[in-house]
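**Student:** First, the structure itself, so that you have it in front of you.
Just so it is clear, none of the values below were taken in a lab; they were calculated from the coordinates. Here the structure is a predicted model, which means the values were calculated and not measured. Backbone-built Cβ (ideal geometry, glycine too); neighbour counts: all protein chains shown.
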Amino acid sequence: AKERGKNNYQFYTLAMTERSLERMTVERGLRRALAERELRLHFQVQIDSVSGLATGAEALVRWQHPEWGLVYPDRFITVAEETGLIVQVGAWVLREACLQAKAWIENGGPFASVAVNVSARQFLEANLFQTVRDILSETGLNPNALELEITESAVMQNPESTLQVLRQFQALGVRLSIDDFGTGYSNLTYLYRFPVQSVKIDRSFVIGLADDGSSKTLVRAIVALAHELRLSVVVEGVETAEQLAFLTAQGCDSLQGYLFSRPVSAEQFSQAFIGAGLR
Ligand code: C2E
Ligand code: CA
Ligand code: CA
Ligand code: CA
């Protein structure tokens with residue numbers, strides 16, 4: 001038993017060293033990525049559940065690394081948040097998403113808005129509001145064509161100061177959405193006070209629909225609550241026709257998931273969903 005304890009200890013310190021090495025590598029790489037323009041935006045279509053039309057997209061950042069290939073945000077967003085680099089990454093994402101949405105809206109068609117993820121650190125530390133306002137005027141995108149997604153857990157870290165920032169965005173006309181809804185510990189009083197237009201039901205509930213009980217009940221309850229508060233309900237992670245049937249029957253307003261499309265490059269998105277390519 002003693003022997004094993006020692007091995008575990010060595011394993012533990014090795015794992016810790018590997019983790020901090022990985023962090024340093026990612027941090028250094030990310031600085032270069034910003035300078036060398038290695039970041040990319042992919043777009044995942046959002047489908048209006050009534051019309052079946054592509055009314056928007058969520059912008060999702062990727063990193064095209066010269067050696068590692070396409071790196072997904074799970075590998076670098078946490079490091080970006082911890083180092084503060086998220087402020088620069090986030091500004092890049094916002095500008096790129098607004099430029100793209102502007103072009104798609106000018107193309108006509110039902111495409112109406114782009115959703116951008118904003119992390120807690122961006123929300124509370126940097127001057128996000130001024131950044132967004134500048135980018136909107138620079139790109140000429142109508143503020144109501146931009147939606148900011150902030151996670152429920154980020155909102156709840158500091159609800160009072162979040163509320164102040166949300167009110168500024170509301171006055172500007174930017175749309176706001178609470179992401180990963182149902183996974184945090186929301187104080188419903190805040191949900192009522194937050195000037196948001198939609199909640200986004202987390203994928204874990206969609207996965208859970210296949211099992212016996214609670215996910216179905218929770219989805220029904222979230223939709224009822226949201227609609228009572230006049231919020232629109234977006235669902236992420238829709239993969240099967242069964243999930244789609246249940247979610248539309250419950251009155252979910254907007255749908256996103258591999259059933260419709262994976263996140264794709266701007267060029268692929270244009271071909272599939274904008275203008276002539278529209279289905
Ligand atoms: P999220 O905001 O919850 O985004 C949804 C994630 O689920 C995306 O992963 C998306 O590709 C994936 N997804 C969508 N539909 C399906 C589906 O049907 N099945 C499955 N299995 N997955 C699906 P992705 O792109 O790897 O992003 C992961 C997370 O990274 C995001 O979770 C978000 O929290 C964060 N993130 C992505 N882009 C940004 C960004 O620009 N800024 C910030 N701050 N965070 C970002
Ligand atoms: Ca999101
Ligand atoms: Ca989400
Ligand atoms: Ca999620």
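**Student:** Please report, in debye to the nearest 20, how large the charge dipole of the chain is about its Cα centre when each Lys and Arg carries +1 at its beta carbon and each Asp and Glu carries -1 there.
**Tutor:** For this selection, approximately 340 debye.
**Student:** Let me ask something else about it. Explain nothing, just the number: relative contact order of segment 4-106, from Cα pairs under 8 Å at least 6 residues apart, as a whole percent.
**Tutor:** 22
**Student:** Same structure again: Based on DSSP, what percent of beta bridges with both residues in the chain are antiparallel, to the nearest 5?
**Tutor:** 40
**Student:** Let me ask something additional. Below 8 Å between Cα atoms, with a sequence gap of 6+, how large is the relative contact order for the chain in percent?
**Tutor:** Relative CO of the chain lands at 18 percent.
**Student:** Hey, another quick one. With springs connecting C-alpha atoms under 10 Å apart, model the chain as a Gaussian network and identify which of Ser215, Ser261, Ser20 has the largest mean-square fluctuation.
**Tutor:** Sorting by GNM fluctuation, first place goes to Ser20.
**Student:** Using a simple spin-label model with points 7 Å from Cα along the Cα→Cβ vector, what separation in nm is obtained for Thr131 and Thr240?
**Tutor:** 3.9
**Student:** From the phi angles alone, apply the Karplus equation (6.51, -1.76, 1.60; θ = phi - 60°) to segment 245-258 and give each ³J(HN,Hα) in whole Hz, x where the residue is Gly or Pro.
**Tutor:** 4, 5, 5, 6, 4, 7, x, 4, 8, 9, 10, 9, x, 4
**Student:** Over the chain, with a Gaussian network built from C-alpha contacts below 10 Å, which listed residue (Met16, Met156, Met24) shows the highest mean-square fluctuation?
**Tutor:** Of the options given, Met16 has the highest mean-square fluctuation.
**Student:** Here's another thing I want to ask about it. Have a look at Ser177, Ser214, Ile274 and report the one farthest towards the positive end of the charge dipole of the chain, computed about the Cα centre with Cβ charges (Lys/Arg +1, Asp/Glu -1).
**Tutor:** Of the options given, the answer is Ser177.
**Student:** Sorted by packing (mean other beta-carbon atoms within 10 Å per residue), highest first, where do 88-100, 31-43 land?
**Tutor:** Going by the mean number of other Cβ atoms within 10 Å, highest first, we get 88-100, 31-43.
**Student:** Each residue of segment 80-87 in turn: what ³J(HN,Hα) in whole Hz from Karplus with 6.51, -1.76, 1.60 and θ = phi - 60°, glycine and Pro shown as x?
**Tutor:** Result, rounded to whole Hz: 4, 5, 5, 8, x, 5, 4, 5.
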